[in-house]
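The values are calculated or read from the model by the stated rules, or taken from the named source; none is laboratory data. On a predicted model such as this, the values are computed, not experimentally measured, just so you know. Note that each Cβ is placed from the backbone with ideal geometry, even for glycine, and that neighbours are counted across all protein chains shown.
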Amino acid sequence: MRSTDRSRGVVKTAVLIASLLIAPQASGQTLAALPQATALASVAGDTKPIPAWVDFCQRYASECAVDAGEPDLISLSPRLWQTISTINRSVNARIRPLTDQEHWGVPDRWDLAEDGSGDCEDYQLLKRKLLAESGLPRRAMRMTVVIDEKGEGHAVLMLRTDRGDLVLDNKTSAVLPWHRTGYTYIKRESQDAVAWVSLGRAVGPLVTANR
């Protein structure tokens with residue numbers, strides 16, 4: 001990306017961040033509706049990352065860095081739950097869905113939706129950026145690859161909390177416990193290194209190209 005294009009992207013992202021953080025709280029998931037405690041998803045060992053994630057990390061190293069000094073779990077409070085719910089709904093409403101093939105002319109590219117358009121992983125990466133800037137520990141927010149209801153590769157954001165693993169998704173504005181999404185969980189970013197861990201024995205997709 002040329003420096004002028006990146007500068008424009010930074011400005012657009014800053015404007016989007018500001019608009020999201022002042023968005024009013026949506027109904028549905030309120031301060032009084034903290035999720036019930038559930039079990040965390042089990043890790044089955046190390047695995048290979050999605051190739052597009054590797055490219056993303058070369059362009060945005062700070063978005064992939066792991067700070068071992070950060071908490072690996074989010075201690076949910078009513079205030080944090082409001083922040084999570086608001087940002088999840090706002091990003092879902094404001095990003096225009098566009099596949100990477102339509103957007104960039106390639107099967108899979110991970111980005112921060114700097115121009116206001118993107119597909120599944122771009123939604124989640126922007127949500128994580130906004131949540132981290134709101135004070136949540138990045139180490140406890142892990143990009144995760146699943147097989148969706150269509151049998152296709154899909155990316156969600158898994159928040160590891162003291163009430164279980166919660167999933168932010170662009171297909172729904174409800175923040176759900178991981179086991180209630182209906183997805184098959186393949187792998188997620190490690191909390192201990194710039195690497196990935198397996199969440200099961202299913203064969204993982206090479207791309208996450210869904211809107």
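If you scan the stretch 128-175, which residues turn out to be in contact with a Cys (Cβ under 7 Å, 6 or more places away or on another chain) and either outside any strand (DSSP E or B) or without any contact (Cβ under 8 Å) to a residue 40 or more places away in the chain (or both)?
The answer is Asn170, and nothing else.
Looking only at the stretch 55-80, filter to residues that are without any contact (Cβ under 8 Å) to a residue 60 or more places away in the chain and closer than 22 Å to Ala37 by Cα; which one of those is nearest to the chain's Cα centre (by Cα)?
Out of the qualifying residues, it is Leu80.
Using the structure shown, decide if Ser117 is within 19 Å of Ala52 (Cβ to Cβ), touching a Pro at 6+ places or on another chain (Cβ under 8 Å) and at pLDDT 95 or above.
Taking the combined requirement at face value, the residue satisfies it.
Give me a count of the residues in the stretch 79-124 that are closer than 18 Å to Gly135 by Cβ and not aliphatic (A, V, I, L, M).
Number of matching residues: 8.
Condition test on Ala113, is it more than 21 Å from Leu166 (Cα to Cα) and either touching a strand residue (DSSP E or B) at 6+ places or on another chain (Cβ under 9 Å) or in a loop (DSSP other than H, G, I, E, B) (or both)?
Against the criterion (more than 21 Å from Leu166 (Cα to Cα) and either touching a strand residue (DSSP E or B) at 6+ places or on another chain (Cβ under 9 Å) or in a loop (DSSP other than H, G, I, E, B) (or both)), Ala113 qualifies.
Only residues that are crowded, with 20+ Cβ neighbours inside 10 Å and more than 19 Å from Val145 (Cβ to Cβ): list them for the stretch 41-90, please.
Correct list: Ile74, Trp81, Ile84, Ser85, Thr86, Ile87, Arg89, Ser90.
Count, please, the residues in the stretch 116-127 that happen to be surrounded by fewer than 24 Cβ atoms within 10 Å (Cβ to Cβ) and in a loop (DSSP other than H, G, I, E, B).
Counting residues in the stretch 116-127 that are surrounded by fewer than 24 Cβ atoms within 10 Å (Cβ to Cβ) and in a loop (DSSP other than H, G, I, E, B) gives 1.
Would you kindly identify the helices (runs of 4 or more DSSP H) lying entirely within the stretch 8-106 that contain at least 2 residues that are modelled with pLDDT of 95 or more and aliphatic (A, V, I, L, M)?
Per the criteria, 51-59, 78-94.
Show the residue pairs that are 6+ apart or on different chains and have beta-carbon atoms under 8 Å apart, the first residue being within the stretch 81-108 and farther than 10 Å from Ser173 by Cα, the second being in a helix (DSSP H, G or I) and of a type in the set (Ser, Thr, Tyr).
Arg94/Ser19; Ile95/Tyr123
Taking the residues in the stretch 147-164 that are within 12 Å of the chain's Cα centre (by Cα) and among the hydrophobic types (A, V, I, L, M, F, W, C) as candidates, determine which candidate is farthest from Leu131 (Cα to Cα).
Ala155
In the stretch 85-132, what count of residues is obtained for those that are hydroxyl-bearing (Ser, Thr, Tyr) and within 11 Å of the chain's Cα centre (by Cα)?
1
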